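The values are calculated or read from the model by the stated rules, or taken from the named source; none is laboratory data. In this text the structure is predicted, and so the values were computed from the model without any measurement. Here the Cβ positions follow ideal geometry from the backbone for every residue, glycine too, while neighbour counts run over all protein chains shown. Ligands, DNA and RNA are excluded from the accessible area calculation, which covers all protein heavy atoms including side chains. Shrake-Rupley method; radii C 1.70, N 1.55, O 1.52, S 1.80 Å.
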Amino acid sequence: MIAELEHSYPVLTELSSSARGELSRLREIALPGSTMVFDERQACTGFPLVVRGAVRVSKLAPNGRAITLYRVAPGETCIITTSCLLASSVYNARGQTEGPTTLALVPGALFDAWLAEPPFRRFVFGLFADRIADLMQLVEAVAFRRLDQRLAALLRERGPTILATHQQIADELGSAREIVTRLLKHLADDGAIAVRRERIDVLDADALRRWADGSP
């Protein structure tokens, strides 16, 4: 696992020899798809590095709806976990695997020790800054763009084939399944997409771009 981990996270090869010797302390965790990695108000005990697969981080609203904040793929880190470890606080979002996922868990004490290593510190806070920028774009989209624009942009970005249920897309956008289903029908009627069972095919990316720009 260590070789695969260093391939995804080259910064680990830049650690001091003593710090690299601690790689054997990392615990490998193999999880099936749709498994909760962490949940709201749960204590944070370690820093997960994604070896294979991906973790979707989302926020659950009181009405039961969820919105996807970001995904953590190999080579990336979870800023909510980072903030929890730095502040010794509990999680304020949830993380769930997307398909079979393998993690390497860095114990909290070891994470603190590695932060004293300049390469690791730059890596963690560099990705922290990038993720904050992504979240600001999400806030802007939710606050200032209509749902049909956000849906069209999502489909165009993830096309040409999206394997997802209407509920999963609704969770991605923080909306209700019924609303997403209605908007998908509008896009299909316009010839931009074809909707099938748990699958959406992009037929006209330019049409989706016009929808995303607010000028279908």
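One table, with the values for the structure above:
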| read-out | value |
| --- | --- |
| Criterion violated by Gly53 - all others in (1) modelled with pLDDT under 95; (2) under 20 Å from the mean Cα position of the chain (by Cα) satisfied | (1) |
| Test: residue in region 137-153 that is in contact with a Leu (Cβ under 6 Å, 6 or more places away or on another chain) and assigned to a loop (DSSP other than H, G, I, E, B) | no |
| Any hit, region 90-108, residues being modelled with pLDDT of 95 or more, of a type in the set (D, E, K, R), open to solvent by 30 Å² or more (accessible area, probe 1.4 Å) and closer than 30 Å to Gln167 by Cα | yes |
| Leading residue by the ranking (most open to solvent (accessible area, probe 1.4 Å)) among those in region 132-149 that are within 14 Å of Glu172 (Cα to Cα) and touching a residue at least 60 places away in the same chain (Cβ under 8 Å) | Val142 |
| Single match in Val51, Val90, Val37 (criterion: under 26 Å from Glu117 (Cβ atoms), without any contact (Cβ under 8 Å) to a residue 60 or more places away in the chain and touching a strand residue (DSSP E or B) at 6+ places or on another chain (Cβ under 6 Å)) | Val51 |
| Options Glu157, Glu172: the member that is open to solvent by 70 Å² or more (accessible area, probe 1.4 Å), modelled with pLDDT under 95 and outside any loop (DSSP other than H, G, I, E, B) | Glu157 |
| Some residue of region 10-20 being surrounded by 17 or more Cβ atoms within 10 Å (Cβ to Cβ), modelled with pLDDT of 95 or more and touching a strand residue (DSSP E or B) at 6+ places or on another chain (Cβ under 8 Å) | no |
| Subset tally (residues that are assigned to a helix (DSSP H, G or I), open to solvent by less than 70 Å² (accessible area, probe 1.4 Å) and either in contact with a Ser or Thr (Cβ under 9 Å, 6 or more places away or on another chain) or of a type in the set (S, T, N, Q) (or both)) for region 21-30 | 0 |
| Complete set of residues in region 55-64 that are surrounded by fewer than 17 Cβ atoms within 10 Å (Cβ to Cβ) and not polar (S, T, N, Q) | Lys59, Leu60, Ala61, Pro62, Gly64 |
| Verdict on Arg196 being touching a residue at least 60 places away in the same chain (Cβ under 8 Å), of a type in the set (Lys, Arg) and open to solvent by 50 Å² or more (accessible area, probe 1.4 Å) | no |
| Residue, nearest to the chain's Cα centre (by Cα), within region 65-81, restricted to residues that are outside any strand (DSSP E or B) and either aliphatic (A, V, I, L, M) or surrounded by fewer than 17 Cβ atoms within 10 Å (Cβ to Cβ) (or both) | Ala73 |
